[in-house]
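Below: one structure, written as structure tokens.
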Amino acid sequence: MKHFFSTKNNLTVAILWALVFFMGSLLYIDIKSESTSSIHIFMISILIAVIVWILFDTRYVIRDGFLFYRSGPFRGRIDIQKIQKIEYFSGMHPPVNMKPALDTKGFIITYDTLNEVYVSPQKKEKFIAKLLELNPGILVVKGI
């Protein structure tokens, strides 16, 4: 089993922490207010918890022939034998639906023909090497 944590872009982390502090301020104001609803307090608390969870628990694990990814409550697994391509990507908006990553520099992994996920492991070379060790047929496309 091999663990890889996500790299963290300073701007992304700053924005997420700013959201946590802003929502924490709203939560404080709501709690001090006498006319606040418990549902409102509960919803803000859940949003804060999810963002903090994402900040502290975004990682990738290679185990038993699968690549497991998780970013807070968002999780999934990819059969490494079904990975066709890994493409380097750098930018704010990777063209994928699933992005369990905290950085703007990472990889778009294409698997099962049409499915894609964006990841940003800290040890990029070791991550690619481990995947290639398990599936040497993966096409690795270098970015600009």
Looking only at segment 29-45, decide whether some residue is out of contact with any helix residue (DSSP H, G or I) (no Cβ under 6 Å at 6 or more places or on another chain), touching a residue at least 40 places away in the same chain (Cβ under 8 Å), at negative phi and not basic (Lys, Arg).
no
Residues (within 30 Å of PHE68 (Cα to Cα) and assigned to a helix (DSSP H, G or I)) located in segment 3-35
ASN10, LEU11, THR12, VAL13, ALA14, ILE15, LEU16, TRP17, ALA18, LEU19, VAL20
Mind listing whichever residues of segment 40-85 are among the hydroxyl-bearing types (Ser, Thr, Tyr) and closer than 15 Å to TYR118 by Cβ?
THR58, TYR60, TYR69, SER71
Suppose the filter is in contact (Cβ under 8 Å) with a residue 24 or more places away in the chain and crowded, with 16+ Cβ neighbours inside 10 Å; does GLU116 pass it?
no
Residue list for segment 7-37, restricted to those being exposed (fewer than 13 other Cβ atoms within 10 Å of the Cβ) and closer than 27 Å to GLY91 by Cα:
ASN10, LEU11, ALA14, ILE15, ALA18, PHE21, PHE22
Please determine, by comparing only the residues of segment 45-87 that are outside any helix (DSSP H, G or I) and of a type in the set (A, V, I, L, M), which one is surrounded by the most Cβ atoms within 10 Å (Cβ to Cβ).
LEU67
All positions within segment 46-61 that are without any contact (Cβ under 8 Å) to a residue 40 or more places away in the chain and of a type outside the set (D, E, K, R):
ILE46, LEU47, ILE48, ALA49, VAL50, ILE51, VAL52, TRP53, PHE56
Out of the residues in segment 107-144 meeting the condition of being part of a loop (DSSP other than H, G, I, E, B) and among the charged types (D, E, K, R), tell me which one is nearest to the chain's Cα centre (by Cα).
LYS123
Out of GLY137, GLY91, GLY65, sole residue that is closer than 28 Å to ALA18 by Cα and of a type outside the set (Val, Ile, Thr):
GLY91
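No lab work stands behind these numbers, since they all come straight from the coordinates. Predicted, not measured: the structure shown is a model, and the values here were computed from it. Cβ sites come from the backbone with ideal geometry, for glycine too, and all protein chains shown count toward neighbours.
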